[in-house]
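The values are calculated or read from the model by the stated rules, or taken from the named source; none is laboratory data. Just so you know, these numbers come straight off a predicted model, no measurement behind them. Note: ideal-geometry Cβ built from the backbone for every residue, glycine included; neighbour counts use all protein chains shown.
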Amino acid sequence: MNKQIGIGLNADWIDGDDSKLRHCLDLVRASGGNCCELIMHSMDVLLNGRLLKQRVSAVKQILMDYDFTYSIHMPYRFHPHAMEEAESLAFFQSCIDFAKQIGAPNITVHASPLAVDDEDGLLKDIAYYKTIAQYAGGVRIGIENPYYAGDIEKSRMMLGVNPKDLAAHIGRIGCNNCGITLDFGHAYLSAQNYDRDYISDIRNMAPLAVHLHVHDNFGKHGEMKNYMDNFSKGIGDLHLPPQWGEIPWNQVLPFFEGFKGIYILEMEFRLYHYFQEGVEFLNNASTAPQLSRL
């Protein structure tokens with residue numbers, strides 16, 4: 001395996017339980033992947049925004065038993081402006097410190113929920129990420145393109161819904177270690193529901209991508225209130241294995257020939273039986289056979 005390919009863990013499956021963390025890591029190892037994405041709030045290593053020494057030590061002992069390259073995902077609900085600036089910076093810096101301790105090359109954070117015409121908010125966000133990027137040093141920061149499941153018209157102008165806006169924002173941050181965590185599934189839902197060309201959207205983001213989130217869906221807008229119901233109807237951000245939905249993988253993956261970052265299969269964890277098929281698909285890319293469906 002030449003590519004760095006792995007599985008994104010699920011915070012709810014782990015829930016601070018070390019035995020569950022080991023179980024999830026075993027599932028990743030069985031998939032044949034060589035990477036694993038850890039969710040910061042899943043391991044109880046953060047308390048009041050600071051690293052909890054005894055928990056960090058315990059988790060590191062577990063992680064050392066697996067031959068993975070790790071990546072970090074910030075807590076799902078975190079964004080730079082979710083708390084006071086000083087507290088937010090300290091929180092993010094604690095996550096960076098953890099990444100450095102486990103040798104993780106990158107951290108993913110969701111794009112700030114700002115409107116693209118909120119220039120004051122954008123300038124504040126840019127200044128924030130300049131500070132974070134400087135602190136991160138050799139750790140890459142990947143700002144993830146979002147998908148908003150609520151009112152389409154209210155979400156249309158949010159940062160990252162249009163990849164060109166996120167690319168421009170990254171350019172204004174202007175730090176070599178700050179780029180895009182490109183989420184293929186979110187981009188597909190946005191393109192389908194905002195009448196844009198998906199292939200062009202991926203092409204526009206590809207040069208700035210430092211990390212990839214790979215999962216599939218059908219492009220149907222909707223909130224994830226009940227996964228089983230949404231799954232049966234094909235609605236929303238389903239986080240399916242690649243080729244289970246309608247993303248044209250053979251048209252977008254070629255943009256990443258020679259990509260040196262990590263491909264994370266961010267699949268719904270209940271579909272862990274199909275992790276290996278997802279890893280094989282990515283490893284073979286253009287020659288992968290159609291995955292069997294449930």
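I'm trying to understand the selection: among the residues of the range 84-98, which are touching a residue at least 24 places away in the same chain (Cβ under 8 Å) and among the hydrophobic types (A, V, I, L, M, F, W, C)?
Matches in the range 84-98: L89, A90, F91, F92, C95, I96, F98.
Checking the structure you have, find out if any residue of the range 230-238 is crowded, with 16+ Cβ neighbours inside 10 Å, at pLDDT 95 or above, over 13 Å from L253 (Cα atoms) and acidic (D, E).
Yes, there is a match, as at least one residue in the range 230-238 is crowded, with 16+ Cβ neighbours inside 10 Å, at pLDDT 95 or above, over 13 Å from L253 (Cα atoms) and acidic (D, E).
At least 2 residues that are over 23 Å from V279 (Cβ atoms) and either among the basic types (K, R) or touching a helix residue (DSSP H, G or I) at 6+ places or on another chain (Cβ under 7 Å) (or both) in each: list the helices (runs of 4 or more DSSP H) lying fully within the range 168-251 that qualify.
Ranges flagged: 184-193, 198-205.
Is it the case that the range 272-280 has a residue that's free of Cβ contacts under 8 Å to residues at least 40 places away in the same chain, among the hydrophobic types (A, V, I, L, M, F, W, C), touching a helix residue (DSSP H, G or I) at 6+ places or on another chain (Cβ under 8 Å) and in a helix (DSSP H, G or I)?
no
If P80 satisfies all but one of (1) within 20 Å of N48 (Cβ to Cβ); (2) in a helix (DSSP H, G or I), what's the number of the condition it fails?
(2)
Tell me, please, whether a residue that is crowded, with 21+ Cβ neighbours inside 10 Å and either of a type in the set (K, R) or closer than 18 Å to R140 by Cα (or both) can be found in the range 57-66.
Within the range 57-66 (the criterion being crowded, with 21+ Cβ neighbours inside 10 Å and either of a type in the set (K, R) or closer than 18 Å to R140 by Cα (or both)), the answer is no, since none of the residues qualifies.
Please give the number of the condition K20 fails out of (1) touching a Phe, Trp or Tyr at 6+ places or on another chain (Cβ under 7 Å); (2) assigned to a loop (DSSP other than H, G, I, E, B).
Against the list (1) touching a Phe, Trp or Tyr at 6+ places or on another chain (Cβ under 7 Å); (2) assigned to a loop (DSSP other than H, G, I, E, B), K20 comes up short only on (2).
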